[in-house]
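Let me begin by presenting the structure, written as C-alpha cells, before commenting on it.
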Amino acid sequence: EVGRLGGEIVRDLSRGMSPRRIHRRLAGEGRLPAGSPGKQLADDLIRNAQELVATLDGLREGPLGAGRVDLRCGPIRIVGTLADLDDSGPVRVQYGTIQPRHVLGMWVRFLVAAATRPDVPTRAVLVGRRASGSVFRPVETLRLPPDGTATPLAWLSDLATLYPIGLRTPLAFFPGTSFAYFQACMRAEREGKPLDPAPVTTAWEGGFQSRGEREDPWFARVFGDADLVRPDFPTPGVQDVPGMTFGELALRIWAPVAACRGERDA
C-alpha cells in the first residue's frame with residue numbers, strides 16, 4: 001500500500017498538484033494511519049516523491065507532450081499515442097526502485113519513439129528510488145549507440161514477432177532471471193571463464209531477504225516446478241522455432257537494451 005500511495009503522489013506532483021492538497025486528499029480518503037503516524041507517513045512519502053520528480057525535471061529537455069504513433073513492425077501494426085515525451089524522447093518517474101520489467105517497459109517506449117522520429121537523437125530517461133544492491137541505477141538512460149549501427153525499427157520488429165507467439169503460449173522469458181542470465185553470459189565472455197549459474201539461480205529461486213522470480217503467482221501457475229533456468233529450456237509448443245529457448249530469448253531481448261545503456265554487462 002505504501003508503494004501504491006507513493007506512486008499516486010508522484011503522479012499528482014507531476015500533474016502540478018500541491019503537497020498540501022495531496023495531504024488533504026490522502027487524509028480525506030482514510031488511507032493514512034490516524035494521528036501523528038499518518039501525518040509522518042504522508043510527509044515522508046511526499047518528500048521522497050518530490051525528490052524523484054525534481055530529479056526528472058532536472059533531466060528533461062523541453063516541455064512534456066505526446067506523439068502519434070503509426071508503425072508497421074513485423075507481423076503487427078502499432079497505432080496510438082506515446083505520452084510523456086520531451087524534445088528528445090520518453091521520460092518517466094516512478095516511486096519504486098527500478099526493476100528489469102521497468103527497464104523493458106521503457107525500452108519498448110524508447111524504440112517506438114526512435115522509430116517514429118528517426119531524425120531526432122532519441123534518448124529515454126527512467127527515474128526511480130535508490131536501492132542498495134540493485135543492478136540498476138536510480139536514473140536509467142537509454143541512448144542509441146554513437147556508431148550508427150543501431151536499428152530501432154528492426155529491434156522493435158523482432159519484439160513484435162514474439163508478440164503473437166506470446167499470445168498463444170507462455171514465453172520462456174522472465175525479466176529478472178533472464179537479465180541475470182544475460183549478465184552472467186557477458187561476464188563469462190569478458191573474463192574467459194565458464195558461466196557461473198549462481199546469480200541466475202538466485203534470481204529465480206530467491207536468496208537471503210530476497211524473493212525469487214519463481215514466486216510470481218502467474219509463473220508458478222503456468223510453469224509449476226519446472227527447471228526453467230536451463231539455457232535450453234524451451235518455450236512450450238514452439239520447439240521448432242529458432243531462438244525461443246530461455247537462454248536464446250535472454251540474449252535476444254537484453255543484448256540490444258544493454259547496448260543502449262552503454263554497457264554490455266551492466
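The values are calculated or read from the model by the stated rules, or taken from the named source; none is laboratory data. These figures come from a predicted structure and were not determined experimentally. Cβ coordinates were reconstructed from backbone atoms using ideal geometry, including for glycine residues, and neighbour counts include every protein chain displayed. All accessible areas refer to the heavy atoms of the entire protein, side chains included, with ligands and DNA or RNA removed. Shrake-Rupley method; radii C 1.70, N 1.55, O 1.52, S 1.80 Å.
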>> For a quick check of your reading: which strands (runs of 3 or more DSSP E) sit entirely within the stretch 31-138 and have at least 3 residues that are among the small types (Gly, Ala, Ser), closer than 19 Å to ILE253 by Cβ and touching a Phe, Trp or Tyr at 6+ places or on another chain (Cβ under 8 Å)?
In response: none
> Across the stretch 56-83, which residue is surrounded by the most Cβ atoms within 10 Å (Cβ to Cβ) among those that are without any contact (Cβ under 8 Å) to a residue 60 or more places away in the chain and among the small types (Gly, Ala, Ser)?
Replying inline: GLY67
> Between a first residue in the stretch 153-177 that is touching a residue at least 24 places away in the same chain (Cβ under 8 Å) and farther than 24 Å from CYS260 by Cβ and a second residue that is part of a helix (DSSP H, G or I) and open to solvent by 40 Å² or more (accessible area, probe 1.4 Å), which pairs have beta carbons less than 9 Å apart while being 6 or more apart in sequence or on different chains?
Replying inline: PRO170/TRP218; PRO170/PHE219; PRO170/VAL222
> Pick from the stretch 147-190 the residues that are polar (S, T, N, Q) and touching a helix residue (DSSP H, G or I) at 6+ places or on another chain (Cβ under 8 Å): which of them is nearest to ALA220 (Cα to Cα)?
Replying inline: THR177
> Just checking, how many residues over the stretch 84-119 are open to solvent by less than 40 Å² (accessible area, probe 1.4 Å), more than 12 Å from the chain's Cα centre (by Cα) and within 17 Å of GLY67 (Cα to Cα)?
Replying inline: 11
> Could you say which residue among VAL91, VAL103, VAL135, VAL112 is in contact (Cβ under 8 Å) with a residue 40 or more places away in the chain, within 29 Å of LEU45 (Cα to Cα) and touching a strand residue (DSSP E or B) at 6+ places or on another chain (Cβ under 9 Å)?
Replying inline: VAL103
>> Given the condition over 16 Å from VAL2 (Cα atoms), open to solvent by less than 40 Å² (accessible area, probe 1.4 Å) and in contact (Cβ under 8 Å) with a residue 24 or more places away in the chain, answer yes or no: does some residue in the stretch 22-30 qualify?
In response: no
